[in-house]
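**Student:** My questions will all concern the structure given below.
What follows is calculated from the coordinates using simple rules that are stated; it is not laboratory data. If you're wondering where the values come from, they're calculated on a predicted model, not measured in any experiment. Neighbour counts run over all protein chains shown; Cβ positions are idealised from the backbone, glycine included.
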Amino acid sequence: MSDCIFCNVVAGTIPAKVVARNAHALAFHDLNPQAPVHLLVVPTVHFDNAAATDSDAGQASVGHTMRLAVQAARESGLVDSGYRLVLNTGTDGGQSVGHLHVHVLGGRRMTWPPG
């Protein structure tokens with residue numbers, strides 16, 4: 001989708017500080033970090049949100065995206081101290097970009113409830 005910011009990041013037309021990449025997903029630093037480490041992990045194929053992944057292809061994409069999120073957390077040194085994975089869906093869920101993405105948050109103690 002040419003108007004999707006994350007599709008443009010995946011395509012390389014918008015620069016990003018990439019942490020990890022595979023054939024199915026891309027992990028990069030968030031421009032507005034909410035923790036000392038705040039990464040975004042997006043599938044390379046556009047899905048509007050988690051609700052749009054109710055298919056075999058969608059479920060495979062979610063799996064690959066989560067796998068890269070864990071890899072990116074490991075490469076960012078978060079495994080020993082811990083980290084939070086967040087996937088927001090829809091306006092009330094806090095989703096602000098209409099492309100499925102996982103937030104990897106770490107580098108500080110996370111509190112509960114999140115907000």
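**Student:** Could you grab me the full set of residues in the stretch 1-55 that are more than 13 Å from the chain's Cα centre (by Cα), surrounded by 17 or more Cβ atoms within 10 Å (Cβ to Cβ) and under 17 Å from TYR83 (Cβ atoms)?
**Tutor:** ALA35
**Student:** Which condition number does VAL62 fail, the rest of (1) of a type outside the set (Phe, Trp, Tyr); (2) touching a helix residue (DSSP H, G or I) at 6+ places or on another chain (Cβ under 9 Å); (3) surrounded by fewer than 16 Cβ atoms within 10 Å (Cβ to Cβ) being met?
**Tutor:** (3)
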